[in-house]
Amino acid sequence: MPSLQQIESDLKLAMMEKNQTAMDVLRGLKTRLHNEKIAKGQELSEEDITGLLRSELKKRKEAAGAYSKGGRQELLKRKARKQGFSKNICRLNCPKRI
């Protein structure tokens, strides 16, 4: 299960590789996990992290649908790349299939 430390190390690697899509997704995940940790006042469980990963993936799917309906192809392509990266993270780290 990815932890905040794992996401930070993946983010550093993405920065070295200049992978903008990975950097955007990982920064968002890092922020979401950090904010959730502060809100709970304790470390996040594996269940919490899995739920947050799935939530982020769902948000990206919904945004892609909205861009598609609105005819915003340039934003749809960008969102699709981020959704694909998020799906890979979730596939590797979530216990159940999405």
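The values are calculated or read from the model by the stated rules, or taken from the named source; none is laboratory data. Keep in mind the model is a prediction, meaning the values are calculated, not measured. Backbone-built Cβ (ideal geometry, glycine too); neighbour counts: all protein chains shown.
Side notes on the structure shown:
- Filter result for R97 (at pLDDT below 80, among the charged types (D, E, K, R) and not in a helix (DSSP H, G or I)): yes
- Hits in the range 1-23 (condition: assigned to a helix (DSSP H, G or I), under 17 Å from L44 (Cβ atoms) and aliphatic (A, V, I, L, M)): L4, I7
- Top-ranked residue of the range 40-74 - restricted to ones that are of a type in the set (K, R) and without any contact (Cβ under 8 Å) to a residue 40 or more places away in the chain, ranked as surrounded by the fewest Cβ atoms within 10 Å (Cβ to Cβ): K69
- Residue check for L33: without any contact (Cβ under 8 Å) to a residue 60 or more places away in the chain, within 20 Å of S9 (Cβ to Cβ) and assigned to a helix (DSSP H, G or I): yes
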